[in-house]
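A.B. asks: Before I ask anything, let me first share the structure, which is written out below as structure tokens.
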Amino acid sequence: MPVLNARPQPVAIDAARTAMVVVDMQNAFASMGGMFDLAGIDISGATPAIEANKRLLAAARKSGVTVVYLQMSYRADLSDGGDTSSPNHHKELGLVMMRERPELRGKLLIDGSWDWQIVDALKPAPGDHVIRKSRYSGFCNTGLEAFLRARSIRHLLFTGVATNICVDATARDAYSREFWPILVEDAMNHSGPDFNRQSTLWNFENALGWVTSTDMVVDALRIEVAETLPT
């Protein structure tokens, strides 16, 4: 098996038991005019993250790594957003903005809306798997865990947005479920001050998982492909 150069130590990965988890790479979080942009959150880091994801997706598909997209989403009637007893109702940005700004009602993260769509540059390919979620963690009330277990997947390469919110929440849950969470730091974008990004990376490097880069993943998967070719 190829060895992925990561912090705090390298990790041996098997492409057949590895998934790339692309978290919420949607117009809402990564495009001008999307929810983050409308909220005044700096999305300048989204462009390099998209380019990194393009390279990673090409390498993952070529090497046989399973590709999973997570997509933050609500029904038009917001019935899966939680009622007033739910913290999600009070804290999730899209729900808050749609209540506070009437012109945005029905437009943020709603099934089928532009805001909800995965960015054009990273559209899922045939064979990729898209999992809808209505909470920060991709494991919350979804089929993600069952999908991964059915394929005997253990290593998860995380990309997407936001490093410190939905990536963090999903990767933490992965750790608690005995998956190996590996954050690809240059293929993600954070929200808020940069210390949010630094804190998440520190936590995973030191306590919850591993941290690597796009170049390191592409190199490791290239070795995986080379090892499977006939001599």
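A.B. asks: Based on what the data block shows, is GLY64 over 25 Å from VAL184 (Cβ atoms), among the small types (Gly, Ala, Ser) and surrounded by fewer than 19 Cβ atoms within 10 Å (Cβ to Cβ)?
C.D. replies: So GLY64 fails the test.
A.B. asks: For segment 72-95, name all the residues that are surrounded by 15 or more Cβ atoms within 10 Å (Cβ to Cβ) and touching a His at 6+ places or on another chain (Cβ under 8 Å).
C.D. replies: GLY81, GLY82, LEU95
A.B. asks: Checking the structure you have, find out if any residue of segment 144-157 is touching a residue at least 24 places away in the same chain (Cβ under 8 Å), within 12 Å of the chain's Cα centre (by Cα) and either over 21 Å from PHE29 (Cα atoms) or surrounded by fewer than 21 Cβ atoms within 10 Å (Cβ to Cβ) (or both).
C.D. replies: yes
A.B. asks: Same structure again: Before we move on, is ALA15 of a type outside the set (Asp, Glu) and touching a Gly at 6+ places or on another chain (Cβ under 8 Å)?
C.D. replies: So ALA15 fits the description; yes.
A.B. asks: Kindly indicate whether LEU95 is of a type in the set (A, V, I, L, M) and in a helix (DSSP H, G or I).
C.D. replies: yes
A.B. asks: Out of the residues in segment 14-28 that are under 11 Å from the mean Cα position of the chain (by Cα) and among the hydrophobic types (A, V, I, L, M, F, W, C), state the one that is farthest from ARG154 (Cα to Cα).
C.D. replies: The selected residue is MET25.
A.B. asks: Within segment 98-125, can you find the residues that are assigned to a helix (DSSP H, G or I), more than 18 Å from ARG75 (Cα to Cα) and of a type in the set (A, V, I, L, M)?
C.D. replies: ALA121, LEU122
A.B. asks: For segment 176-218, which positions are touching a residue at least 40 places away in the same chain (Cβ under 8 Å), out of contact with any Phe, Trp or Tyr (no Cβ under 6 Å at 6 or more places or on another chain), surrounded by 15 or more Cβ atoms within 10 Å (Cβ to Cβ) and more than 24 Å from VAL119 (Cα to Cα)?
C.D. replies: TRP180, GLU205, TRP210, MET216 - these are the residues of segment 176-218 that are touching a residue at least 40 places away in the same chain (Cβ under 8 Å), out of contact with any Phe, Trp or Tyr (no Cβ under 6 Å at 6 or more places or on another chain), surrounded by 15 or more Cβ atoms within 10 Å (Cβ to Cβ) and more than 24 Å from VAL119 (Cα to Cα).
A.B. asks: Right, something else. Could you run through segment 144-175 and say how many residues are of a type in the set (Ser, Thr, Tyr), within 20 Å of PHE36 (Cβ to Cβ) and out of contact with any Phe, Trp or Tyr (no Cβ under 8 Å at 6 or more places or on another chain)?
C.D. replies: Result for segment 144-175: 2.
A.B. asks: Scan segment 161-174 and report the pairs whose first residue is in contact (Cβ under 8 Å) with a residue 40 or more places away in the chain and whose second residue is acidic (Asp, Glu) and surrounded by 23 or more Cβ atoms within 10 Å (Cβ to Cβ), with Cβ atoms within less than 7 Å and a gap of 6+ or a chain change.
C.D. replies: VAL161/ASP24; CYS166/ASP24
A.B. asks: Also, I was wondering about something else. Taking the condition without any contact (Cβ under 8 Å) to a residue 24 or more places away in the chain and exposed (fewer than 15 other Cβ atoms within 10 Å of the Cβ), does ALA125 pass?
C.D. replies: Criteria not met by ALA125.
A.B. asks: Sticking with this structure for a sec: Can you spot a residue in segment 35-49 that is part of a helix (DSSP H, G or I) and under 18 Å from LEU156 (Cα atoms)?
C.D. replies: Yes, that holds for at least one residue.
A.B. asks: What number of residues in segment 20-33 are buried (at least 24 other Cβ atoms within 10 Å of the Cβ) and either outside any helix (DSSP H, G or I) or in contact with a Leu (Cβ under 8 Å, 6 or more places away or on another chain) (or both)?
C.D. replies: Looking only at that region, the number is 8.
Values in this text are rule-based calculations from the coordinates and carry no lab data. Here the structure is a predicted model, which means the values were calculated and not measured. A quick note on method: Cβ atoms are made from the backbone with ideal geometry, for glycine too, and the neighbour counts reach across all protein chains shown.
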